[in-house]
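Below is one structure, written out as structure tokens; comments come after it.
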Amino acid sequence: MSLKDRLSQNKDSDSKKEEERKEDKSKAKTKSKAKKTTTVDTDPHRELKTNVHNRLIEKLDFDIFSDPEEQADNEELKRDIKQTAQEVIEEQDVAISPGEQRQVIKDIIDEIIGFGPINGLLEDPDVSEVMVNGPDQVYVEKNGRLVLTDVKFRDDEHVIHIIEKIVSPLGRRIDESSPMVDARLPDGSRVNAIIPPLALNGPTITIRKFSEDPFTVDDLVGFGTLTDEMAQFLEACVEVRLNVVVSGGTGSGKTTTLNVLSSFIPGDERIITIEDAAELQLAQDHVVSLETRPPNVEGKGAVTMRELVKNSLRMRPDRIVVGEVRGGEALDMLQAMNTGHDGSLTTGHANSPRDMLSRLETMVMMAGMELPVQAIRDQISSAVDLIVQQTRLKDGSRKVVKITEVQGMEGEVITLQDLFVFEKQGRDEEGNVIGEFKATGIRPKFMDRFKESGLDLPSDLFMSY
């Protein structure tokens with residue numbers, strides 16, 4: 001889309017809003033019965049911004065990339081916006097302070113090049129998550145705490161405009177027929193959006209930011225997510241090609257931990273990653289990233305996780321890394337683990353290692369295969385070697401609370417054994433969780449695989465203390 005088209009779109013949107021304000025409220029109701037949240041536009045410089053937009057349409061006659069990452073590097077465009085704003089202010093003799101003028105220019109740049117009102121939040125390194133709950137309520141997560149900001153959108157359509165700006169470059173869409181979408185920002189940050197009539201508070205955006213520089217295992221140790229001993233053990237597990245599942249709740253840091261575990265894969269191996277929305281940031285050279293595709297307007301053309309997992313087996317993978325198993329692809333993943341594709345990594349939603357096994361059972365059944373429960377459990381127990389349980393605690397910190405070995409079957413039950421645990425001991429005066437990481441004193445059954453691979457782990461690594 002050209003800059004002129006983009007600016008015209010913004011102009012048309014502003015004109016449309018002005019007309020709607022003049023109409024009777026009853027005509028402004030949406031077709032759905034969902035509650036429509038509309039913020040009263042109190043921006044004193046709205047007219048000035050509109051005039052600047054109009055002048056830019058007349059003045060500029062060149063195309064820019066629709067990719068916001070490419071736009072952000074276009075310093076020439078930023079200079080043109082600043083110059084045009086100053087010209088309009090001088091011609092119309094607008095009474096505005098230097099500080100207000102800088103803010104107006106910033107708002108226009110954010111709207112054209114970035115992601116509108118939330119652009120500053122996305123650039124703030126202290127913000128880890130941005131949550132837009134309709135046009136007049138925007139929360140962020142800072143240091144594990146939710147904070148209400150003073151950021152507001154004009155109305156529902158303004159929020160939807162930003163959503164479309166995010167998803168359009170990815171070939172995805174959001175409308176009444178497809179009111180939910182998963183996407184990503186150019187830096188890999190995860191985006192979920194849902195609009196009315198499903199979202200009663202108005203269009204809702206949830207953005208989980210990723211660091212420009214992926215976290216390393218040293219970062220996780222520094223954050224207190226795990227200890228050096230646990231990190232050393234997990235690195236050895238990945239090197240000897242154990243199949244590892246990272247389990248945890250929403251926002252517990254599973255993807256970050258998966259990314260760190262993936263960094264332990266040797267650089268001479270071919271890695272295939274499979275995700276709903278590409279998030280993993282692997283440093284190795286030989287990485288092939290696959291991403292699912294939603295159906296088109298006609299409801300056709302969808303490519304599911306299960307299809308990608310099946311296809312990855314034909315791509316000569318040394319390692320298969322699945323961002324998250326949610327459905328029938330679990331069966332194909334387990335079959336891959338059991339047929340020579342060891343060393344696979346994935347994540348799943350569960351509150352404990354035992355719950356993760358139950359979830360895997362359920363997901364295998366979702367594949368539509370009439371398999372007896374005993375056969376499913378046998379396959380799980382022989383495929384999965386280790387479960388890393390991660391939890392987000394009440395103080396906002398993220399901890400690997402258990403590293404659990406899958407030992408095998410005893411009768412009809414899969415046996416588990418905790419190797420490392422995090423024991424909570426209470427909370428301090430500031431509400432921070434106090435606890436201690438401990439080894440259980442039990443050595444895993446796969447210790448021989450470490451020796452065969454030439455990995456000499458310290459003898460006291462599993463010593464209980």
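Laboratory data are not the source of any read-out in this text; all were calculated from the coordinates shown. Values in this document were obtained by computation on a predicted structure and should not be read as measured data. Cβ coordinates were reconstructed from backbone atoms using ideal geometry, including for glycine residues, and neighbour counts include every protein chain displayed.
General observations
- Shape analysis of the stretch 93-206 based on the Cα gyration tensor places the equivalent ellipsoid semi-axes at 24, 17, 15 Å, largest first.
- Linear extension gain, Asn192 paired with Thr440, 0.36 nm per residue minus alpha-carbon span: 85.4 nm
- Per residue convex hull volume, Cα atoms of the stretch 363-430, in Å³: 113 Å³
- Sparse-neighbour loop sites [GluC sites (Glu not before Pro); the stretch 249-348; at most 13 other C-beta within 10 Å; DSSP]: Glu298
- The spacing between the stretch 318-363 and the stretch 152-228, judged by their C-alpha centroids, is 25 Å.
- Amide N of the stretch 149-182 lying under 16 Å from the label point, which is placed 7 angstrom from the Cα of Thr250 along Cα→Cβ: 180-182
- Measuring r between the beta carbons of Ser459 and Gln407 and using R0 = 25 Å, the FRET efficiency lands at 0.70.
- Modelled spin-label separation between Thr415 and Asp219, with each label point placed 7 Å from Cα along the Cα-to-Cβ direction: 3.9 nm.
- Here the label points at Glu235 and Glu452, each 7 Å from Cα along the C-beta direction, are separated by 2.3 nm in the simple model.
- Restricting the stretch 124-176 to GluC sites (Glu not before Pro) in coil, as DSSP defines it, with at most 16 other Cβ within 10 Å: Glu176
- For the stretch 387-465, the average shadow cast by the Cα convex hull is 7.0 nm², which is a quarter of the hull's surface.
- Ranked from largest, the principal axis spans of the Cα set of the stretch 83-148 equal 47, 21, 20 Å.
- Rounded to the nearest 20, the size of the Cβ-charge dipole of the stretch 280-412 about its Cα centre is 460 debye, with Lys and Arg at +1 and Asp and Glu at -1.
- Annotation for the stretch 400-465 versus the stretch 274-290: alpha-carbon center distance of 29 Å.
- Using 0.36 nm per residue and subtracting the Cα-Cα separation, the extra length available between Glu430 and Ser178 on full extension is 86.3 nm.
- Among the GluC sites (Glu not before Pro) found in the stretch 356-433, those both in a DSSP coil and sparsely packed, with 10 or fewer other Cβ atoms within 10 Å of their Cβ, are Glu370, Glu412, Glu429, Glu430.
- The local environment of Pro266, defined by Cβ-Cβ distances under 15 Å, has a net charge of -4 under the rule Lys, Arg +1 and Asp, Glu -1.
- Cross-link pairs beyond the 20 Å C-alpha cut-off, checked among Lys209/Lys310; Lys402/Lys424; Lys402/Lys438; Lys106/Lys209: Lys209/Lys310; Lys106/Lys209
- When its C-alpha radius of gyration is set against 2.2 N^0.38 Å (N residues), the stretch 205-313 gives a value of 1.21.
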